[in-house]
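First up is the structure itself, then whatever we jot down about it.
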Amino acid sequence: MSPAPVRRKLHTPPVPASPFPYHPGSLLSVNDLSLDELNHVLARATALEKQDPLTRDRILAKRRVALLFYEASTRTRTSFELAAKALGADTALVSNLSSSIEKGESLKDTGLNLRALGAEAIILRSNSSGAAWLLEESTRLPVLNAGDGMHEHPTQALLDLRTILAHLRGGTTKVNEKTLAGVTVTITGDILHSRVARSNALLLPRLGAEVVLCGPKELLPEVAASEGPDSRGGVTIERDFEAALKRSQVVMMLRIQAERLAGLQLDLEEYKAGYQLTGERLARLAPKAIVMHPGPIIRGLEITSGVADGPQSAILEQVTHGLAIRMAVIERALNATALKSAPTSVRTSSARPAKPASRKGARA
Amino acid sequence: MSAIAIKNGHLIDPSAGIDAPRDILLKDGKVAEVAAAGKLKPADGAQVINAKGLVVAPGLIDIHVHLREPGQGYKETIATGTAAAAAGGFTSVAAMPNTIPVNDTPEITRWMQSPERGASVRVFPIGAATRGSKGEALNDFAALKAAGAVAVTDDGHPILKDSIMRDTLAAAARVGLSVIQHAEDTRLTVGASMNAGPVAFRLGLRGMPVEAESGLVERDIRLVTELRSDKVHLHVAHTSTAKAIAAVRQARRNGLRVTCEVAPHHFLLTDEHVGHYNTNCKMNPPLRSAADRAAMLEAILDGVVDAIATDHAPHASHEKEVEFERAPNGVTGLETALGLCLRWLHGEARMPLGRVLSLLSAQPAAVLGLKGRGSLTEGSFADVVIFDPKAEWTYRAAEGKSKSRNTPFDGWAMQGKVRWTISEGRIAYEAN
Ligand SMILES: [Zn+2]
């Protein structure tokens with residue numbers, strides 16, 4: 001009997017199921033939200049926005065929310081802070097400009113200290129991709145990802161969605177796989193370094209939108225076409241800005257993140273010639289499209305002042321929608337109770353922290 | 001006790017083409033006799049090991065480990081690293097020079113081999129190719145060799161300058177040493193922390209392109225070709241890409257002395273295993289695409305790969321419990337290599353056991369020219385591993401001998417349990 005032949009192909013040992021999020025109140029990625037949860041967040045955003053501020057600020061009265069910001073941020077930090085305060089929560093801001101972070105304390109230790117101080121949820125902005133996952137694993141608290149490196153910015157995608165729904169779908173808070181069917185959203189600019197682009201590319205196609213990514217090769221590698229919620233597609237690349245504009249109902253412009261270019265050389269004049277959103281281009285190619293931008297905008301680079309301040313611009317509305325969305329996700333973070341039981345096969349046992357101390361009972 | 005008789009075992013010694021029941025007598029640190037079952041000459045006072053149902057094989061050899069001493073004893077010491085080696089069936093390990101200070105002198109090379117280090121198995125230091133591994137001035141290779149170094153490398157700090165690499169290859173050849181290159185064109189990997197591709201894009205991490213590895217391998221092979229000497233030996237460390245393997249394959253066809261090793265994580269895992277920023281899946285070279293992983297496996301089965309080497313790289317848990325981009329590269333490997341190779345190469349891919357063991361003993365010994373190692377012929381060093389080839393078990397990093405726990409294989413099913421590891425006639429590990 002001859003021995004069994006050598007098998008030249010082997011299946012790859014399976015990737016273990018993700019243990020994240022550990023806490024049902026966390027929002028690490030837009031993928032953490034099912035369609036039901038998404039509807040819940042949208043509905044609560046609208047309800048909280050309309051609620052009388054005098055009753056609203058009792059919802060999370062005396063609950064403690066920590067804002068941990070490792071990156072300069074005006075809009076996002078203020079938005080989260082105002083949202084938490086609007087619900088009555090106490091907030092504590094820890095930023096890398098004013099704390100032990102600069103003395104070299106690890107994110108894990110900072111998180112554990114915030115938990116020991118009574119923080120019931122942490123809102124994290126970090127320049128490192130994946131930081132929110134590390135913080136959640138370390139603290140097992142609900143963590144709201146307020147932007148991690150080049151990776152994700154889920155509340156930005158949610159507020160973008162709310163802005164789009166307000167303009168194109170009458171402000172509905174009930175969405176499904178077809179809600180945005182027929183809507184093309186073009187995201188233009190520095191896709192490579194953009195967490196906003198990634199979160200939107202993951203979220204909007206789930207509702208039927210077509211996301212078109214646009215930009216030069218240096219800022220938009222071919223591999224970006226593989227982004228998107230799953231293999232169904234919904235994300236394509238179009239290098240020709242004008243061709244993309246012509247198809248778009250929504251035009252989302254991104255700034256060039258000079259701080260992340262890492263030696264990349266870019267001819268800005270050439271970039272503007274190809275990709276700047278000007279009043280002329282908008283009028284000629286997309287006179288009905290809404291213009292969005294997550295900020296900060298660099299007037300005269302990716303967008304002209306005329307467009308930013310013009311009638312098609314929804315840039316400031318986005319900021320307002322952000323406040324509503326953030327109230328909803330902070331409420332969700334603190335009202336989620338059950339801690340998902342820790343799975344058995346994640347990392348080494350030494351990497352797994354002890355169970356968090358019992359938290360205040362959350363209200364329904 | 002100076003003599004050990006191993007009886008009733010099944011000897012697999014790829015170096016001698018033996019795959020049969022044999023009894024073995026070890027005496028004074030050497031193999032004294034290999035005899036048919038029951039035919040061993042009586043040896044007074046010899047300790048008898050009953051290896052019934054077990055495989056007896058040359059002790060395993062890992063030509064790529066980081067023992068962290070001198071300088072980083074909180075990650076691993078020579079004592080703990082070699083204890084882990086013994087538990088994994090290894091009797092020889094070649095220790096990389098990226099210690100603190102860098103092992104670029106005969107003094108450090110000797111220090112690492114000193115009995116005070118408490119090594120359980122034989123440590124073969126690998127000397128730094130250049131002063132401080134800075135890639136500028138060559139070290140004294142003759143002096144390093146005289147002190148016990150078995151090769152030179154700037155592992156982790158690839159030699160980019162053509163002229164320095166050419167000089168290194170030529171100078172090492174003159175004294176009969178191999179040059180090991182960690183092939184990474186670091187100009188293409190600035191700020192990168194995983195393999196370039198869809199997964200890196202999705203995770204928002206900068207990627208290392210496969211060309212960073214293959215480009216440097218191709219450059220090194222060109223230099224070997226230009227030197228036109230069969231004394232020049234280039235060994236490519238931890239090969240991870242199909243393109244680099246293709247270059248090695250072609251170099252061999254052209255008759256060059258170019259060898260390569262592959263680590264278990266590179267033929268088993270892909271960049272998808274990084275999951276949500278699992279720093280225990282961060283190493284350099286990084287986990288690659290499924291196609292590259294498959295190519296590593298094929299290259300092993302095809303015989304292009306000369307050795308399985310673990311790149312055992314211990315790090316303390318606090319160093320790995322940080323943001324992915326800030327975490328140090330490396331995973332441990334000494335305690336999982338045999339169990340993974342038997343499970344996947346032998347069990348799943350049906351590679352004959354003798355060939356798997358050869359990749360872990362005879363062939364790595366040949367790569368570094370370790371005389372009397374990787375073989376159990378009479379007169380060889382009494383380096384033996386005795387294991388139960390059928391035993392299935394689950395690896396638990398917390399129960400390991402290494403000081404560090406940074407492994408992607410925690411909780412994995414393993415095949416083949418080491419029962420005894422004997423290093424130069426002494427029992428270095430015995431399962432309880
Ligand atoms: Zn290396």
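Whole angstrom only: what separates the Cα centroid of the range B:49-73 from the Cα centroid of the range B:355-409?
With the range B:49-73 and the range B:355-409 each reduced to a Cα centre, they are spaced 5 Å.
So in chain A, what percent of DSSP beta bridges are antiparallel if you round to the nearest 5?
On the way: 1 of 35 bridges.
Within chain A, antiparallel bridges account for around 5 percent of the total.
When you look at the Cβ of every residue in B:193-202, what mean number of other chain Cβ atoms sits within 10 Å?
The mean count of partner-chain Cβ atoms within 10 Å per residue comes to 4.
Select from the range B:20-67 those trypsin sites (Lys or Arg not before Pro) which occupy a DSSP coil region and have at most 11 other Cβ atoms within 10 Å, ordered by residue number.
Passing sites in the range B:20-67 are B:39, B:52.
When DSSP beta bridges are limited to those with both residues in the protein assembly as shown, what percentage is antiparallel, rounded to the nearest 5?
35 percent
Roughly how many debye, to the nearest 20, is the charge dipole of the range B:59-368 about its Cα centre, given +1 on each Lys and Arg Cβ, -1 on each Asp and Glu Cβ, and no other charges? Before the final figure, lay out the partial values.
Numbers: 31 positive and 34 negative charges, 104 e Å.
Magnitude of the dipole: close to 500 debye.
With the convex hull built on the Cα atoms of the range B:12-167, state its orientation-averaged projected area in nm².
Hull-based average projected area comes out at 11.7 nm².
Local charge sum around residue A:174 (other residues, Cβ-Cβ under 15 Å, Lys/Arg +1, Asp/Glu -1)?
Values: positive: A:44, A:162, A:169, A:178, A:206; negative: A:36, A:37, A:177.
After counting each charged neighbour, the total is +2.
Which shape class, rounded, prolate or oblate, goes with the range B:1-70 when its Cα gyration tensor gives a ≥ b ≥ c as root eigenvalues, a/c under 1.5 marks rounded, and past that a/b bigger than b/c marks prolate?
Values: a/c = 2.43, a/b = 1.51, b/c = 1.61.
In terms of gyration-tensor shape, oblate.
Going by Cα centres, the range B:282-299 and the range B:103-135 are how many Å apart?
30 Å
Stokes-Einstein D for the range A:1-144 at 25 °C, 0.890 mPa s, Kirkwood Rh over Cα pairs, in µm²/s?
140 µm²/s
Would you mind working out the magnitude of the charge dipole of the protein assembly as shown relative to its Cα centre, with +1 at each Lys and Arg C-beta and -1 at each Asp and Glu C-beta, to the nearest 20 Debye?
Dipole size: approximately 1460 debye.
Net charge within 15 Å of residue A:92 by Cβ-Cβ distance, Lys/Arg positive one each and Asp/Glu negative one each, not counting residue A:92 itself? Write out the running numbers ahead of the final one.
Details: positive: A:62, A:63, A:64, A:77, A:85, A:115, A:125; negative: A:81, A:90, A:120.
With Lys, Arg at +1 and Asp, Glu at -1, the neighbours total +4.
Let me know the mean shielding of A:140-151 by other chains, meaning the per-residue number of their Cβ atoms within 10 Å of its Cβ. Walk me through the numbers before you get to the answer.
Numbers: counts 0, 0, 0, 0, 0, 0, 0, 0, 4, 7, 6, 6.
Partner Cβ neighbours, averaged per residue: 2.
What are the chymotrypsin sites (Phe, Trp or Tyr not before Pro) within the range B:261-341 that DSSP puts in a loop, where the Cβ has at most 14 other Cβ atoms within 10 Å?
Of the chymotrypsin sites (Phe, Trp or Tyr not before Pro), not one in the loops of the range B:261-341 has a Cβ with at most 14 other Cβ atoms within 10 Å.
Classify chain B as rounded, prolate or oblate, taking a ≥ b ≥ c as the square roots of the eigenvalues of its Cα gyration tensor: rounded when a/c is under 1.5, otherwise prolate if a/b is larger than b/c and oblate if not.
prolate
Find the relative contact order for the range A:154-318 and round it to a whole percent, using C-alpha pairs within less than 8 Å whose residues are 6+ positions apart.
22 percent
Could you state the number of Å between the C-alpha centres of the range A:189-251 and the range A:52-81?
31 Å
For the range A:154-318, what is the charge dipole size about the Cα centre, in debye to the nearest 20, if Lys and Arg each add +1 at the Cβ and Asp and Glu each add -1 at the Cβ? Provide the component values of the computation, followed by the final result.
Working: 19 positive and 19 negative charges, 124 e Å.
Its charge dipole is roughly 600 debye.
Within the set of other residues whose C-beta is less than 14 Å from the C-beta of residue B:301, count the net charge using Lys and Arg as +1 and Asp and Glu as -1.
Its environment carries a net charge of +3.
Arrange the peptides A:86-93, B:291-298, A:147-154 so that the one whose residues have, on average, the most other Cβ atoms within 10 Å appears first.
Put in order of decreasing packing, that is A:147-154, B:291-298, A:86-93.
For chain A, build the charge dipole from Cβ charges (+1 Lys, Arg; -1 Asp, Glu) around the Cα centre, then report which of A:27, A:185, A:257 sits farthest towards its positive end.
A:27
Would you please calculate the Kirkwood hydrodynamic radius of the protein assembly as shown over all C-alpha pairs and express it in Å, rounded to one decimal?
Here the Kirkwood hydrodynamic radius works out to 28.7 Å.
Among DSSP beta bridges whose residues both lie in the range A:55-166, state the antiparallel percentage, nearest 5.
Among the beta bridges of the range A:55-166, antiparallel pairing accounts for roughly 5 percent.
Which order do the peptides B:396-408, A:299-311 come out in when sorted by mean C-beta neighbours inside 10 angstrom, highest first?
Top of the packing list down: B:396-408, A:299-311.
Which one, A:112, A:139, A:10, projects farthest toward the positive side of the charge dipole computed for the range A:1-156 from Cβ point charges (K/R +1, D/E -1)?
It is A:10.
In the structure shown, do any of B:161/B:243; B:52/B:401; B:30/B:417; B:75/B:231; A:62/A:174 have a Cα-Cα gap over 28 Å, and if so which?
With Cα atoms farther than 28 Å apart: B:75/B:231; A:62/A:174.
Scan chain B and note any complete DSSP helix (H) whose C-alpha atoms cover at least 24 Å along its axis and whose Kyte-Doolittle average is -0.5 or more.
B:210-227
Which one, A:149, B:366, B:51, projects farthest toward the positive side of the charge dipole computed for the protein assembly as shown from Cβ point charges (K/R +1, D/E -1)?
B:51
Restricting to DSSP loop positions (anything but H, G, I, E, B) with no more than 12 other Cβ atoms inside 10 Å of their own Cβ, which trypsin sites (Lys or Arg not before Pro) remain in the range A:38-145?
Sites meeting the loop and neighbour criteria: A:58, A:62.
Shape call for the range A:154-318 from the C-alpha gyration tensor, a ≥ b ≥ c root eigenvalues: rounded (a/c under 1.5), prolate (a/b greater than b/c) or oblate?
Since a/c reaches 1.5 but b/c is at least a/b, the shape of the range A:154-318 is classed as oblate.
Bear in mind these aren't lab numbers, they're just calculated from the coordinates by the rules spelled out. It should be emphasised that the depicted structure is a prediction, and the values quoted were computed from it without experimental measurement. All Cβ positions, glycine included, derive from the backbone under ideal geometry; neighbour counts span all protein chains shown.
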